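Working notes for the structure below.
Derivation of every value follows stated rules applied to the coordinates shown; laboratory data play no part. None of the values given here were measured: they were computed from a predicted structure. Cβ coordinates were reconstructed from backbone atoms using ideal geometry, including for glycine residues, and neighbour counts include every protein chain displayed.
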Ligand code: HEC
C-alpha cells in the first residue's frame, strides 16, 4: 500500500528535483574541478594540430569519410585492449574536438594506430584494404584525392602516445604477432 508521502505530489516533485540536481552536479559540475580531466596529457598535446596542418586537414577527411562509424579511438582498461597501447585518459582528448572516441569497433581501435604501421602501409591500406586482409569489409578509399590521402595518412600517423608514455606501453613493437592479436 502506498504511504502518505507517496501520494503527496509536492513531496514527489521535491524528491525528483533533488535527485536531478545531484545527477547534474555529479556529471556536469564536479568534472569542472577535476584536474585530471582539464589538463591535457603529453599525448593529448600531440593532437593539438596547428590550423591547416596536414594532420588537421586529415582529421577533417577522417570525419567527412565517416571512418569513426567503424573505428573507435579509446583504449579501455580491460584485458581485451591490453595489446592496443596505453589506456586512454580524459586528458588525451583535451584538444580532440569534436571528440572521436566513438563506440563502434567494426574495425580495430585507432587510438594509437600511428605506432603500429608505417606511412607507406597506411597509404596502401587506404587504397585497398583487401590487399592486406582478404575479405576486409573496410571500403577502398582510392577515390580520395592524392592530397586527401596524404593528409589522412599524416593524421593516422599522428595518433600515437607521447614518447614519455611509450616506455611501459604494450603493443608498441608493431610485431606481426601483436598485429595478429589485434586483428583477432
Ligand atoms: C565499414 C567499416 C569501416 C570503415 C567505414 C572504415 N574502416 Fe578501417 N577498418 C575496418 C576493418 C573491418 C578493419 C580490419 C581489416 C583491415 O585492416 O582491413 C579496418 C582496419 C583499419 C586500419 C588498420 C588498423 C589496425 O590496427 O590494423 C586503419 C588504419 C583503418 N582501418 C583506417 C580507416 C580510415 C582512415 C577510415 C576512413 C577513411 C576507415 N578505416 C573506414 C572497417 C572500416
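Among 28, 67, a tally of other beta-carbon atoms within 10 Å of each Cβ gives an order, fewest to most, of 28, 67. Across the chain, the mean sequence separation of Cα contacts (distance under 8 Å, 6 or more residues apart), normalised by length, yields a relative contact order of 28 percent. With 0.36 nm allotted per residue and the present C-alpha distance subtracted, the residue 162-residue 95 stretch has 22.7 nm of extension available.
Taking a ≥ b ≥ c as the square roots of the eigenvalues of the Cα gyration tensor of segment 37-114, is the shape rounded (a/c under 1.5), prolate (a/b larger than b/c) or oblate? In terms of gyration-tensor shape, oblate. Entry note, the chain: the mean residue ellipticity at 222 nm calculated from DSSP H runs of n ≥ 4, each adding -39500 (n - 2.57), is -11000 deg cm²/dmol after division by the residues and rounding to the nearest 500. For the chain, the longest principal axis of the C-alpha atoms and the axis of helix 9-24 are separated by about 30°.
Once the chain from residue 35 to residue 121 is taken as fully extended at 0.36 nm per residue, the excess over their C-alpha distance is 27.2 nm.
Is the chain rounded, prolate or oblate when judged by the Cα gyration tensor, a ≥ b ≥ c being the square roots of its eigenvalues, rounded requiring a/c under 1.5 and prolate requiring a/b larger than b/c? Judged from the Cα gyration tensor, the chain comes out prolate (a/c at least 1.5, a/b above b/c). Per-peptide packing, taken as the mean over residues of other Cβ atoms within 10 Å, places 44-53, 128-137 in the sequence 44-53, 128-137 from highest down.
Taking the C-alpha atoms only, the angle from helix 54-64 to the longest principal axis of the chain is near 60 degrees. Taking the chain as a Gaussian network of alpha-carbon nodes connected by springs under 10 Å, the highest mean-square fluctuation of the residues 25, 41, 17 belongs to 17.
Counting every other Cβ atom within 10 Å of each residue's Cβ, 115, 3 order from fewest to most as 3, 115. Taking other Cβ atoms within 10 Å as a rough exposure proxy, 121, 112, 69 sort from fewest to most as 69, 121, 112.
With a 10 Å cut-off between alpha carbons and a GNM built on the chain, which of 13, 138, 111 moves the most? Among 13, 138, 111, the largest GNM mean-square fluctuation belongs to 13.
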